[in-house]
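Data block below; observations after.
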Amino acid sequence: MLEIRNISKSYGKLKVLESVDMTFNDSGIYSILGPNGSGKTTLIKTILGMVIPDKGEIFFDGIKINWTYNYRSKISYLPQIANFPDNLTGRELISMIKDIRNSNLNEEYLINLFDLKNHLDKNMKHLSGGTKQKLNVVLALMFDTPIIILDEPTAGLDPVALISFKKLIKELKKRGKIIILTTHIINLVEEITDKIIFLLEGNIYFKGNIRELLEKTEENNLEEAIAKILKENGNV
Amino acid sequence: MNLCKYIKLFVLLILFSQLQSKTLTVGQNQMFSDLKTAVKIAVDYDTIIVFSGYYKLNKLNINKPLTILGKNNPILDATNKSELIVINSDSVTLKGFTLQNIPNNFTEDWAAIRLNKSRYCLIEDNHIYNSFFGIYLNRSLNCMIKHNKIIGKAKKEFDAGNAIHLWYSDNALIENNYAGKHRDGIYLEFTKNSRIVFNTSENNLRYGLHFMFCDNNVYKKNIFRFNGAGVAVMFSKNVNMHSNVFSDNIGSSSYGLLLKDIVDSKITKNIIKNNTIGIHADGASRCFIKNNEFSKNGWAIRILGSSVNDTIFENNFFSNSFDISTNSTFNKNYYINNYWSKYTGYDLDKDGIGDIPYRPVKLFSYITANSKESLILLRSFFVTLIEFAESISPIFTPQNLIDNYPLMNPVKCWK
Amino acid sequence: MFKVFKYSLFDQTRSKWIYLYTLFFFLVSYAMLYLNNDLMSGLTNLLNISLLICPLVSIIFGTMYFYNSREFTDLLLAQPIKRTTILLGQYFGLSSSLSLAYLLGNLIPFILYGVIVSDIFISFIMLLIAVVSLTFIFSGFAIMISLITDNRIKGFGFSIFLWLFMTFIYDGIFLLTLFLFSDYPMEIFSISVTMLNPVDLARILIMLKLDITSMLGYTGAVFNKFFGSETGIMISSITLIFWLFMPVILSMKIGKRKDF
């Protein structure tokens, strides 16, 4: 469904991605892991067209999508930082995004799930960071898209919201979606991930499921496996 | 005794009937068919009435005191061949005509109406069109020129004459005339003790009013506007200019009012508006400039170093690009109690007089004098800033050119 | 674009800064008119203040706005719309709200003082057009700067410098040049230099309707032709339109290639 071919990107002298190939065909949860600066966010943003790769191509359903934008109606994106225009209300933001997407989904379910009802008519500048992050999740996930990209989704969520969020993700997976996420929370990875993509200095170091990773690193749990990889590659 | 009285009365009556003048008429089915013959036949103090109609006429000399009246505006046409009426006698009245088509003649300065050494004449209610000079007074004292409308054909300054032209013609009254499209609207030279009132002079190529060597004259309630070079007054003393309008004279050497060597004169209650330079004072001394309104001029007053002991008192300066400019670093004139719309001071004691003095000369006017192109920076922030700096410590502008008691509100006295 | 513009405008018009901006000009206009009690003086004073404040507020407030809405822009960029659509929407949202604030703040006092029936009505309209254009131009600079650098401190530095340069330094150098070369004919040079700076250009446009014509003739033939006829207004207007487009087009060019 989504294929990345030979993508390279560097910022000045800093090489962020080096000839990365990647394919997302089956439904499931893909976790992109890696130390800071390994190119996780850049990879995601490249898929979304926010970062323009120096080289390489991206295909969606077999069609090249570099420099186009319509394919994004098939992708939901949850940005890392939730920051909205100060003087708009949650309700307005929701209708704005719906306007833009020309799509009319029932967001009520998500609003109830995250208990946002009472905050929807307040201006953004009056909302707490946590509430904003919940709204962020609502805005990202209220559409029925085959691909969902989540950049550090759990940052700023309180435990109750986190539980709801995990529940939601599992449900989405059940509905056959491709979910790509980046995170630092190992627990989350262990709990929900089907496949791990480990990025290191712009290259794919490992691709596979948790079991395979443990085998490769000869460790007993994911946390230690990751620590070992980082240590071996001089990243700690 | 009674008889004696009656005899006296009788004698008087006889004398009166002798004095009584005749009336001659000119026109279709009248006593005369042309004016020239009527003038020839008429004796002193006769009245000639010309009935309405179109009369071709060559130069007509009037050598005796006559009253010549046009009835219903008869037209006298010189058909571009000669001058028209030449008056060589005292006490001639010419009233109610339309005079037209007098060609240019530079050696004789042809005019529609010329007066040569004629005293006590009245030129009234005439329309003069398409004439080289309009009304030309040559050494003619004590004359009145009233209610005439004089519209010329001037296209270039060098081949145009003046609408009303006085040369050594003292004690004149020029009232309620309209002068336009000539070289100068009203021109006076060596003409003293005259009154020029209620005239309108506009669209003339050079000056609306132009005089030289004309002492003791009064100019009151005239309108001078849209003239090529505005108004120029020179080499005269004791001039009184009161309640006139000087406006819309725009151009490189164009002035609302140009004063050149004018001494002991009063310029009061005039409105001086929309001129490139409102008043240009060169050698204007001991003049009293009071209660005038200067508005929207490029330079309200440009006063050269040659002007001394002038008093600029209780005038209103509204929205001029420059209020005062000068070429001198010393000031020898008095500026007091004027209203300056650019004044930004305050009046804490509420006496109507600003508590901090006002400096009407701006640095930028000094700059533009040195580099004309810099005018394009007028009202730019940079200029405002350096002007502010200059106003705090004057270097280029005269330090003592200052209104120490500027008014907080405009003077209200000429409406 | 209209959708982004609409919500951007919603956001802006509820901002307390915009209200403050409106109030500022309301008070300034009102005070000028009250103190001078003369529309013409009020207008010239407003001209001076507007040429200073409006570019400053547009560029500083604009840069602030674009940096602050960066994360939201990211969110919008992930939506199925074109980049330029988002950027243009935001740009018009900002410049329109600033312009509305300016217009509202000044129109009320001037109308109360009878500008509509006065002889300076055209000058007043010219002032509004010129200042609104400046607002759009400097908002354009703001978005351009925010796209050029992600470093906010650098961005603000650029903004302030650009404002300072256009309102102050440029004219200083200009005047100095005129003095240095005062022996040469500088009229065409002067007009060209004026056209190259939008602040000067806006000022000249207003002055053409306001009072520079009364100074005509003092200067040379080229100025006379430029200021005395419709040529001046034509050339200035065309150049102003060019300036209106320039920062936006550049911004879009930069924005298209930018990595967010």
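The values are calculated or read from the model by the stated rules, or taken from the named source; none is laboratory data. All of these numbers come straight from a predicted model, not from anything done at the bench. Glycine also receives a Cβ, built like all others from the backbone with ideal geometry; neighbour counts cover every protein chain displayed. Accessible surface is based on the protein model in full, side chains and every heavy atom, while ligands, DNA and RNA are left aside. Shrake-Rupley method; radii C 1.70, N 1.55, O 1.52, S 1.80 Å.
Of all GluC sites (Glu not before Pro) in region A:129-236, which ones are in loop regions per DSSP and have a Cβ with at most 15 other Cβ atoms within 10 Å? Within region A:129-236, the qualifying GluC sites (Glu not before Pro) (loop, at most 15 other Cβ atoms within 10 Å) are A:218. Our coupling estimate for region A:58-71, obtained by passing each phi through the Karplus curve with A = 6.51, B = -1.76, C = 1.60 and θ = phi - 60°, is 10, 10, 10, 6, x, 10, 5, 10, 4, 6, 10, 9, 5, 4 Hz, Gly and Pro reported as x. For region B:23-228, the Cα-based Rg and Dmax, in that order, read 15.9, 50 Å. Sites listed here are trypsin sites (Lys or Arg not before Pro) in region A:163-222 whose DSSP assignment is loop and whose Cβ has at most 10 other Cβ atoms within 10 Å: A:175.
For chain C, with all protein chains in place and a probe radius of 1.4 Å, 75% of the accessible heavy-atom surface sits on carbon or sulfur.
Taking only the Cα atoms of region A:2-232, the ratio Rg/Rh comes out at 0.97, with Rh defined as the Kirkwood radius. Between residue A:223 and residue C:103, the FRET efficiency estimated from the beta carbon spacing at R0 = 51 angstrom works out to 0.25.
Got a sec? Which residues in region A:168-196 would a label at residue A:112 touch, if it sits 7 Å along Cα→Cβ and we count backbone N under 19 Å? What the label zone holds, given the 19 Å backbone N cut-off, is A:168-172.
When +1 charges are put on Lys and Arg Cβ atoms and -1 charges on Asp and Glu Cβ atoms, the dipole computed for chain B relative to its Cα centre reaches about 1180 debye. To the nearest ten degrees, helix C:16-36 and the longest principal axis of the Cα atoms of chain C are 10 degrees apart.
Once the Cα atoms are used to define both axes, helix C:83-112 deviates from the longest principal axis of chain C by about 40 degrees. Taking only the C-alpha atoms of chain B, the Rg (one decimal) and the largest Cα-Cα distance, Dmax (whole number), read 26.6, 98 Å.
As a fraction of the 1.4 Å probe accessible area of region B:23-228, surface on carbon and sulfur atoms comes out at 48 percent.
For region C:6-25, heavy-atom accessible area (probe 1.4 Å) falls by no less than 40 Å² from the chain alone to the full protein assembly at C:7, C:11, C:14. When the Cα positions of A:160, B:343, C:93 are compared along the charge dipole of the protein assembly as shown, B:343 comes out farthest toward the positive end, with charges on each C-beta of Lys, Arg, Asp and Glu.
From its DSSP helices (H runs of at least four residues, each -39,500 (n - 2.57)), chain C gives a residue-normalised ellipticity at 222 nm of -27000 deg cm²/dmol.
Summed over both chains, the area buried between C and A is near 2900 Å², taken from the accessible surface of protein heavy atoms with a 1.4 Å probe. Charge dipole of region B:23-228 (Cα centre as origin; +1 on each Lys and Arg Cβ, -1 on each Asp and Glu Cβ, all else neutral): 240 debye, rounded to the nearest 20.
Taking the C-alpha atoms only, the angle from helix B:2-19 to the longest principal axis of chain B is near 80 degrees. May I ask for the distance between the Cα centers of region B:335-362 and region B:205-238, given as a whole number of Å? Region B:335-362 and region B:205-238 have Cα centres spaced 32 Å from each other.
How much length is gained on full extension from residue A:1 to residue A:105, taking 0.36 nm per residue of separation minus their Cα-Cα distance?
Length gained, residue A:1 through residue A:105: 35.1 nm.
Computing FRET efficiency as 1/(1 + (r/R0)^6) for residue B:308 and residue B:351, where r is the C-beta to C-beta distance and R0 is 25 Å, gives about 0.25.
Note that region B:180-255 presents 32 Å² accessible area per residue, ligands and nucleic acids not counted, probe 1.4 Å. When its C-alpha radius of gyration is set against 2.2 N^0.38 Å (N residues), the protein assembly as shown gives a value of 1.46.
Summing Lys, Arg as +1 and Asp, Glu as -1, what charge do residues with Cβ under 12 Å from the Cβ of residue B:390 carry, residue B:390 excluded?
For residues surrounding residue B:390, the net value is +1.
Going 7 Å from the Cα of residue B:119 toward and past its Cβ, which residues in region B:58-73 have a backbone nitrogen under 17 Å from where you end up? Under cut-off, by backbone N: B:64-66.
Based on Cα contacts under 8 Å between residues 6+ apart, region B:23-228 shows a relative contact order of 12 percent. Here is how the number arises for chain B: DSSP H runs of 4 or more residues each give -39500 (n - 2.57), the sum is divided by the residue count, and the result at 222 nm is -3500 deg cm²/dmol.
Calculated from the alpha-carbon coordinates, region A:71-152 shows an Rg and a Dmax of 12.0, 34 Å respectively. Charging the Cβ of each Asp and Glu at -1 and of each Lys and Arg at +1, and nothing else, the dipole of chain A about its Cα centre rounds to 500 debye. Using C-alpha pairs below 8 Å separated by at least 6 residues, the relative contact order for chain A is 27 percent.
For each pair in A:98/A:170; B:156/B:260; B:342/C:16; A:55/C:3; A:166/C:82, compute the distance between the two Cα atoms and list the pairs where it is over 29 Å. Flagged as over cut-off: B:342/C:16; A:55/C:3; A:166/C:82. Largest GNM mean-square fluctuation across C:38, C:183, C:200, computed for chain C with C-alpha springs under 10 Å, falls on C:183. Surface analysis of region A:2-232 yields an accessible area of 44 Å² per residue, using protein heavy atoms and a 1.4 Å probe. Buried accessible surface for the C/B chain pair comes to about 3100 Å², total over both chains, computed with a 1.4 Å probe.
Computed over neighbours whose Cβ is under 13 Å from that of residue C:165, the net charge equals -2, Lys and Arg +1, Asp and Glu -1. Take every Cα pair under 8 Å whose residues are at least 6 apart in sequence, average their separation, divide by the length of chain B, and the relative contact order is 6 percent.
Ranking A:229, B:226, C:129 by how far each Cα lies toward the positive end of the dipole of the protein assembly as shown (charges on Cβ) leaves B:226 at the top.
Please name whichever of C:117, C:159, C:179 sits farthest to the positive end of the charge dipole of chain C, dipole taken about the Cα centre and charges placed at Cβ: Lys and Arg +1, Asp and Glu -1. Sorting the options by dipole projection puts first C:159.
Which GluC sites (Glu not before Pro) does region B:108-171 hold that lie in a coil by DSSP with at most 15 other beta carbons within 10 Å? Answer by residue number: B:108. Legend: residues in region C:245-259 shielded by at least 10 square angstrom of accessible surface upon adding the remaining protein chains to the isolated chain (1.4 Å probe, heavy atoms) are C:256, C:257, C:259. Distance from the Cα centroid of region B:109-135 to that of region C:90-143 is 57 Å (rounded to whole angstrom). From the alpha carbon centroid of region C:2-57 to that of region B:34-95 is 70 Å.
The mean of 1/r over all distinct Cα pairs in chain C, once inverted, gives the Kirkwood hydrodynamic radius of 19.5 Å. Using just its DSSP H runs of length 4 or more, each adding -39500 (n - 2.57), chain A gives a mean residue ellipticity at 222 nm of -10000 deg cm²/dmol after division by all residues.
Amide hydrogen proximity for residue B:150: with H placed 1.01 Å from N in the peptide plane, the residues at 5 or more positions away or on another chain lying under 5 Å are B:128, B:178, B:179, B:180.
Each other residue within a Cβ distance under 15 Å of residue A:208 adds +1 if Lys or Arg and -1 if Asp or Glu, for a net charge of -4.
Spin-label model, residue B:393/residue A:73: points 7 Å from Cα along the beta carbon direction are separated by 7.1 nm.
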